Amino acid sequence: MNRARRPPLQHSLAPVFNRAVDSLGVALSSASIRQYHGTARNFLSYLGADHPKVQRLDQLHREPHILGWMSRLRSQVPPLATASYLIRLICLRGICNELAWTEQLPELAHLIRREDIPRLPHRLPRPLTAEQDQLLQKEFLRRNDLGGNAFLLIRHTGMRIGECADLSSECLRSTGPNQWAVHVPLGKLKTERMVPVDPFVCELVQRLRFFRSLDPLPADGRLFARPGAKDTLLRHFRDYLHQVCHSLGLSTRIVPHQLRHTYATEMLRAGVGLLAVMKLLGHTSPEMTMQYLDVTLNDLERAFELARSKPRHLVPQPKTPFTPRAGLDGLIDSLLAAQHVLEMFRRTLPNGTSRRRLDRLSNRLTKIVTEARKLATP
């Protein structure tokens, strides 16, 4: 059942705020536009209740209007989540900046400062445990239905559930002989990407195409049929995962995004570099990708043992036993060996006079070797 629409807000500043949101919304999603409208309504409701004399934009001030509204948000019962509080501030700051430009009131751009916006609490990665991952994948394969294949596709490509719902029927692209990739359309961060896939994922896409061909809804170019809005399809996917987790005795609080975290962690453990994982996930910064990667103690121990067994910073040791050749070639071999021993010893010393002197001696040996090689030239 649809929620009843709230009556328009009765405030003299409501029209100008709505125009600012409409201007900002040209490049925003419908969900973001709703957040901006909700923030404008919340702020103007506060103004109407606590500062009814404010009827014009030039009457708005940081103290007491903006700071009072921020204090009201923080004192809500139940408490407002940090993420929700941050979104409200960002939305109102965007509206104020837009009004400062369109209404020629530059002071509005300084009502909310950068330091007013809190940092989000550090989120820990949420990959599935190995047991949860195995049970879910096994159950998806057993069911072999639309939802099961959709979640297997999400699990093995790391895409967001919203990106999966937007996939084209022709999302599978050939990138070379026996090489395939899934084209992920514009997503949350307005980025699109190609995700390399194996034959298993290619088979998943073919199955989903088959399910789409059986659906009575007319073809619209998408891999998944939409009986209504996109949100309806996403809700169907989430309900499906909830039912599967319940049937397996797993936590019903598992959400689709955890499959994305699991994919990212799997790629890291398989040896994929951080920047490559960032590109696979469609992120715009390594910091964002680090929130997805679960680096356990076992991962650290494995990396440490690898670094210790194959240290990159050490120069290869000379072959032993060392037997110089005869004549001038043997002299050059001895000079090179002496230079190597000197360099290895120099690297063990701390920065200081002794290390610099040995560096100069090593340079002299290099010049001596160069002159010795000239002697061998006819």
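Bear in mind these aren't lab numbers, they're just calculated from the coordinates by the rules spelled out. None of these values were measured; they are calculated from a predicted model. As a convention, Cβ positions derive from the backbone with ideal geometry for all residues, glycine included, and neighbour counts pool all protein chains shown.
I need the peptides 74-80, 229-235, 200-206, 144-150 ranked by packing, meaning the mean over residues of other C-beta atoms within 10 angstrom, with the highest value on top. Display every interim value, and only then the final one.
Numbers: 74-80: 9.6, 229-235: 13.7, 200-206: 16.3, 144-150: 18.6.
Result, highest mean Cβ count within 10 Å first: 144-150, 200-206, 229-235, 74-80.
Compute the distance in nm between two label points, each set 7 Å from the Cα along the Cα-to-Cβ direction, one at GLU203 and one at ARG72.
The two pseudo-label positions are separated by 5.9 nm.
Around LEU80, with a cut-off of 13 angstrom between Cβ atoms, what is the net charge of the other residues, counting Lys and Arg +1 and Asp and Glu -1? Write down the numbers at each step before the final one.
Working: positive: ARG72, ARG74, ARG88; negative: none.
That sum, taken over residues with Cβ under 13 Å, equals +3.
Provide, as a two-decimal number, the C-alpha radius of gyration of the range 1-152 over 2.2 N^0.38 Å, N being how many residues it has. Show your work: numbers first, answer last.
Working: Rg = 21.1 Å, N = 152, 2.2 N^0.38 = 14.8 Å.
Here the Cα radius of gyration is 1.42 times the empirical estimate.
Under unit Cβ charges (Lys, Arg +1; Asp, Glu -1), what dipole magnitude, rounded to 20 debye, does the range 327-375 have relative to its Cα centre? Walk me through the intermediate numbers first.
Values: 10 positive and 5 negative charges, 70 e Å.
Result for the range 327-375 is approximately 340 debye, rounded to the nearest 20.
What does the C-alpha gyration tensor say about the overall shape of the range 327-375? Classify as rounded when a/c is under 1.5, otherwise prolate if a/b is larger than b/c, or oblate. Each step should come with its number before you reach the end.
Values: a/c = 5.13, a/b = 2.18, b/c = 2.35.
Cα axes put the range 327-375 in the oblate bin.
I need the shape label for the range 222-283. Rule: rounded when a/c is under 1.5, else prolate if a/b > b/c, else oblate, with a, b, c from the alpha carbon gyration tensor.
Judged from the Cα gyration tensor, the range 222-283 comes out oblate (a/c at least 1.5, b/c at or above a/b).
Work out the charge dipole of the chain with +1 on the Cβ of Lys and Arg and -1 on the Cβ of Asp and Glu about the Cα centre, then indicate which of PHE140, ALA27, HIS242 is farthest towards its positive end.
ALA27
With just the Cα atoms defining each centre, how far is the range 25-49 from the range 321-371? Give it in Å.
About 72 Å separates the Cα centre of the range 25-49 from the one of the range 321-371.
Rounding to the nearest 20 debye, state how big the charge dipole of the chain is about its Cα centre with +1 on each Lys and Arg Cβ and -1 on each Asp and Glu Cβ.
My answer is approximately 720 debye.
Pairs of lysines 8 or more apart, or on different chains, with alpha carbons under 21 Å: count those in the chain, would you? Don't skip to the answer; put the middle values down first.
Details: LYS188/LYS230; LYS188/LYS279; LYS190/LYS230; LYS190/LYS279; LYS310/LYS319.
Step by step, the pairs that qualify in the chain add up to 5.
Let me make sure I get this right: for the range 129-216, a, b and c are the square roots of the gyration tensor eigenvalues over alpha carbons, sorted descending. Under 1.5 in a/c it's rounded, otherwise prolate if a/b > b/c, else oblate. Which is it? All intermediate terms of the calculation are to be shown ahead of the outcome.
On the way: a/c = 1.38, a/b = 1.26, b/c = 1.10.
Since a/c stays below 1.5, the shape of the range 129-216 is classed as rounded.
Below 8 Å, C-alpha to C-alpha, sequence gap of six or more: please give me the relative contact order for the range 327-375 in percent. Provide the component values of the computation, followed by the final result.
On the way: 20 pairs, mean separation 23.4, N = 49.
Normalised by residue count, the contact order of the range 327-375 is 48 percent.
Would you work out which of CYS96, ALA219, GLN55 lies farthest towards the positive end of the dipole of the chain, given +1 charges on the beta-carbon of Lys and Arg and -1 on that of Asp and Glu, about the Cα centre?
CYS96
For Cα Rg over 2.2 N^0.38 Å, one of (i) 1.09; (ii) 1.51; (iii) 1.00 was computed from the structure I shared and the rest are decoys. Which label?
The listed entry that was calculated here is (ii).
Ranked highest first by the average count of other Cβ atoms within 10 Å around their residues, in what order do 356-365, 63-72, 275-284 fall?
Details: 356-365: 13.0, 63-72: 15.2, 275-284: 18.4.
Answer by packing, highest mean first, reads 275-284, 63-72, 356-365.
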